[in-house]
Amino acid sequence: MKNCYSNIFTFNKKILKKTINNLNIGKVAALPTETVYGLGGNAYLKNSIKKIYLLKGRPKSNPLIIHYFKLEDVLGDIIVNKNFIKLYNRLCPGPITFILKKRKNSKTQSLACANLNTIAIRFPKHKVIRTILKHINYPLAMPSANRSTNVSPVKAKDILDEFKNKIEIIIDGGKCSIGIESTVLDLTSYPKILRPGIIGKKTIEKILKKKVKFSKNNKKIRSPGMMKKHYSPGIPVKINQNKYDGKSAFIYLGKKYKNKKNYFSLSKNNNMDEAASNLYNVFRLIKKRGYKKIQIAKIPKLGAGIAINDRIIRASKY
Ligand code: TXA
Ligand code: MG
């Protein structure tokens, strides 16, 4: 069934079939995951990958994440390692991406991996994307469904903001429950977090029974999420603010400024997971309301606060 918005569809058998037919022949579709909406294409077809880069305006040096249904499906693409298996068993499907060494005879397009000898893999949890992955016999290359450097979409309608009517099928899976992108963990050598997410360092360390590092190498782009300017709402963002300037939109945690004009709380109860899930939505709302600038109060670097700080620091590089 088509929603009142032209290309947005509710998920049912008919749209599942149509989406699969499109993906089979190299078309792309905007699909919900538990983190953010993705722009999915058949990872085995060069045309799909080219379309994804073109639509996003993304540099070809920035590799894509390849999405799978289950462990067996990924074995032809990766060199398995023990750390990956341990984490897979405990965290997948879920909001974590693993960087592994890529098999030479992998059928996944090398363009999707920016011609690197590594591959980013993820097993998403949202039931819509899982149903689709279950019914196809190839993985999906799927970056977040936004134009390069913009914030990721967390609602189906956000995709129209990004791409107008350029995408034939956008499947509505509701508001993404996590609301920020997956944790990206490099397992090609000593475990390193390249992009913080809801699954934190401590959780990974507990499972691996060893220390995990945060990557500090910002010069060499190991991943697009590590580019300095990224996750930009399109207006200037100032972080660690404690004084309201009287005209910007002011983002904070808690309920101190409840019902006050121009103040936007990420979580009334200071819940960091909830705050992360609201961040991009609040960015879009503020932009739509016509504000010219965003001020953000200091956000504690606790739990999901680490991922929030990563995103707002990059947003502030606008
Ligand atoms: O939650 C998510 O991960 C979402 C949903 C749609 O699954 N996808 C997403 O994709 O955020 P994207 O393209 O917007 O971000 C791609 C991330 C980069 O930040 C980077 O960390 C990683 O993928 N990446 C991909 N291939 C890599 C590689 N070979 N080495 C290092 N990083 C890689
Ligand atoms: Mg992205």
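The values are calculated or read from the model by the stated rules, or taken from the named source; none is laboratory data. As the structure is a computational prediction, the values presented were derived from the model and not from experiment. Glycine gets a Cβ as well: all are built from the backbone with ideal geometry, and neighbour counts include every protein chain shown. Just the protein is used for accessible areas: all its heavy atoms, side chains included, with ligands, DNA and RNA removed. Shrake-Rupley method; radii C 1.70, N 1.55, O 1.52, S 1.80 Å.
In percent, rounded to a whole number, the relative contact order of the range 170-318 is 29, using alpha-carbon pairs under 8 Å and six or more apart.
Computed on protein heavy atoms with a 1.4 Å probe, the accessible areas place Ser110, Ser182 in the order Ser110, Ser182, largest first. For the range 256-268, 3J(HN,Hα) computed residue by residue from phi via the Karplus equation (6.51, -1.76, 1.60; θ = phi - 60°) reads 4, 10, 3, 6, 8, 4, 6, 9, 10, 8, 7, 7, 5 Hz, glycine and proline entered as x. As a rough guide to protection, the peptides 252-262, 38-48 ranked by mean Cβ packing within 10 Å, highest first, stand as 38-48, 252-262. In this view, the solvent-accessible surface of Asp172, computed with a 1.4 Å probe and all protein chains in place, comes to about 50 Å². Exceeding 32 Å between C-alpha atoms, which entries from my cross-link table qualify? They are Lys56/Lys104; Lys17/Lys70; Lys70/Lys268; Lys201/Lys268; Lys60/Lys216. Correct reply: Lys70/Lys268.
Taking 0.36 nm per residue of sequence separation and removing the Cα-Cα distance, the Asn81/Lys60 pair yields an extension gain of 4.8 nm. Please work out whether the range 35-80 counts as rounded, prolate or oblate from its C-alpha gyration tensor, where a ≥ b ≥ c are the square roots of the eigenvalues and a/c under 1.5 means rounded, while otherwise a/b larger than b/c means prolate and anything else oblate? Prolate, because a/c is 1.5 or more and a/b exceeds b/c. Surface listing: Lys211, Lys51, Lys14 arranged by accessible area from highest to lowest gives Lys14, Lys211, Lys51, probe 1.4 Å.
Extending 7 Å from Cα along the Cβ direction at Arg289 and again at Asn12 yields two label points whose distance is 3.7 nm. Taking θ as phi - 60° and the Karplus parameters 6.51, -1.76 and 1.60, the scalar couplings of the range 94-104 work out to x, x, 9, 10, 10, 9, 10, 6, 8, 5, 5 Hz in sequence order, x denoting glycine and proline.
What part of the accessible area of the chain, given as a whole %, is carbon or sulfur when the probe is 1.4 angstrom? Its accessible area is 52 percent carbon and sulfur atoms. With contributions of -39500 (n - 2.57) from each DSSP H run of at least four residues, the per-residue ellipticity at 222 nm computed over the chain stands at -8500 deg cm²/dmol.
Between Ile251 and Phe264, Gln295, Ile296, Ala297, the built amide H atoms are under 5 Å apart, and every one of these is 5 or more places off in sequence or on another chain. Pairing the Cα long axis of helix 272-288 with the longest principal axis of the chain, what angle in degrees results, from 0 to 90 and rounded to the nearest 10? Taking the Cα atoms of the chain, the angle to 272-288 is about 80 degrees. Compared with the dominant Cα axis of the chain, that is its longest principal axis, helix 46-56 is turned about 10°. Sorting the segments 118-126, 83-91 by their residues' average number of neighbouring beta-carbon atoms within 10 angstrom, most packed first, yields 118-126, 83-91.
Taking only the C-alpha atoms of the range 50-165, Rg followed by Dmax gives 14.5, 44 Å. Between Lys157 and Asn21, the distance separating the two model label sites (each 7 Å from Cα on the Cα→Cβ line) works out to 3.0 nm. If R0 is 45 Å, the Cβ-Cβ spacing of Asn47 and Asn271 corresponds to a FRET efficiency of close to 0.55. Normalised by the number of residues in the chain, the average gap of Cα pairs under 8 Å and 6 or more apart makes the relative contact order 19 percent. Peptides 286-296, 131-141, ordered by how many other C-beta atoms sit within 10 Å of their residues on average, highest first, read 131-141, 286-296. Using the 1.4 Å probe convention, the accessible area of the range 51-169 works out to 44 Å² per residue with neighbouring protein chains retained.
Given their separation in residues at 0.36 nm each and the Cα-Cα distance between them, Asp245 and Lys101 gain 46.9 nm when the chain is fully extended.
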